[in-house]
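Each value in this text was obtained by applying a stated rule to the coordinates, not by laboratory testing. Owing to the predicted nature of the structure, the values given are computational and were not obtained by experimental measurement. Don't worry about glycine lacking a Cβ; one is built from the backbone with ideal geometry, like all the others, and counts go over all protein chains shown.
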Amino acid sequence: MYIDTHAHLNFQAFKLDWQQVIERAKKANIKAIINAGSNFETSKKAIEIAEKQENVFAAVGLHPIHVKDEEFDEENFFKLAKNKKVVAIGETGLDYYYDKSNMALQKEVLVKSIKLAQIVSKPIILHLREADEDLLSLLMGESTLPKGVLHCFGGNWQFAQMVLSMGFYISFTGIITFTKNQQTFEVIEKIPLEKILIETDCPYLTPEPYRGQRNDPTHVIEVAKKIAEIKKISLGEVAEQTSKNAIELFKLDLK
């Protein structure tokens, strides 16, 4: 079985057919899906979907690209986070790719998100883009950290070691099926399988051989295949261990 640890069936791209997408995923042996929120509305939608579907879960949070549009309402996110189908806080993090004018605000929201994760005793899903040093500095400045995962990893092995030393998992997307970035392959080769998660980040980052199409949870298998190829191990081993990792990190109660 496979677990897509980061999807967005709660986004507009799946507004008309998320139920059918989930059914197709089940038939493809995708045992569980975690839909991550990017703001308050998509976090609520993730919960709404999770409450209607067995083995579908939610994460609630404010994505760094949305901090300019929406205040992080701690009380309301706390109410969402207490829901039994919510298994993580996120996605949250730092993203300087589009806008560097609100770096301080992004950090402020991330710190609040970390505290929320600690209060509700749930792991955190971290987003990172072009802010490696600031993320490490912020995390190292916290006296205690929740468990969690750095999703859609694209850094080098040195950075990966820092993340792993803090107790985080590292998750890979379909990018690994088409990137030419050798440092990504080096990370996959060296990282223990026990610390790897797999995800689609659908509807984005569609892997080969499906590029150009809308991504969906069934394509997480392609991510697993590439990891197996790089690590020179069986696909079954990748599927089994990454699923075990996801169940342990997110405390998934699978039916």
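General observations
- Condition met for Asp201 (within 30 Å of Glu142 (Cβ to Cβ), among the charged types (D, E, K, R), under 18 Å from the mean Cα position of the chain (by Cα) and surrounded by 19 or more Cβ atoms within 10 Å (Cβ to Cβ)): yes
- Scan the range 1-57 for residues that are within 29 Å of Glu74 (Cβ to Cβ) and of a type in the set (D, E, K, R) and the total you get is 8.
- Among the residues of this structure, Ile221 does not count as one that is among the β-branched types (Val, Ile, Thr), part of a loop (DSSP other than H, G, I, E, B) and in contact with a Leu (Cβ under 9 Å, 6 or more places away or on another chain).
- Residues in the range 148-170 that are out of contact with any Asp or Glu (no Cβ under 7 Å at 6 or more places or on another chain), in contact (Cβ under 8 Å) with a residue 12 or more places away in the chain and more than 18 Å from Leu193 (Cβ to Cβ): Gly148, Gly154, Asn156, Met162, Met166.
- Residue tally, condition assigned to a helix (DSSP H, G or I) and not polar (S, T, N, Q), over the range 1-38: 10
- Test: Glu70 is out of contact with any His (no Cβ under 8 Å at 6 or more places or on another chain) and assigned to a helix (DSSP H, G or I): no
- Condition met for His6 (surrounded by 15 or more Cβ atoms within 10 Å (Cβ to Cβ), closer than 23 Å to Ile170 by Cβ and out of contact with any helix residue (DSSP H, G or I) (no Cβ under 8 Å at 6 or more places or on another chain)): yes
- Checklist (1) within 25 Å of Asn83 (Cα to Cα); (2) free of Cβ contacts under 8 Å to residues at least 12 places away in the same chain; (3) not in a helix (DSSP H, G or I) applied to Glu248, failing item: (3)
- Selection count where residues are surrounded by fewer than 21 Cβ atoms within 10 Å (Cβ to Cβ) and either of a type in the set (Val, Ile, Thr) or over 25 Å from Leu126 (Cβ atoms) (or both), scope the range 22-34: 6
- Members of the range 202-215 that are out of contact with any Pro (no Cβ under 7 Å at 6 or more places or on another chain) and in contact (Cβ under 8 Å) with a residue 40 or more places away in the chain: Pro203, Tyr204, Leu205
This table checks each residue for (1) in contact with a strand residue (DSSP E or B) (Cβ under 9 Å, 6 or more places away or on another chain); (2) basic (Lys, Arg).
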residue	(1), (2)
His151	yes, no
Gly154	yes, no
Gln158	no, no
Lys190	no, yes
Gln241	yes, no
Glu248	no, no
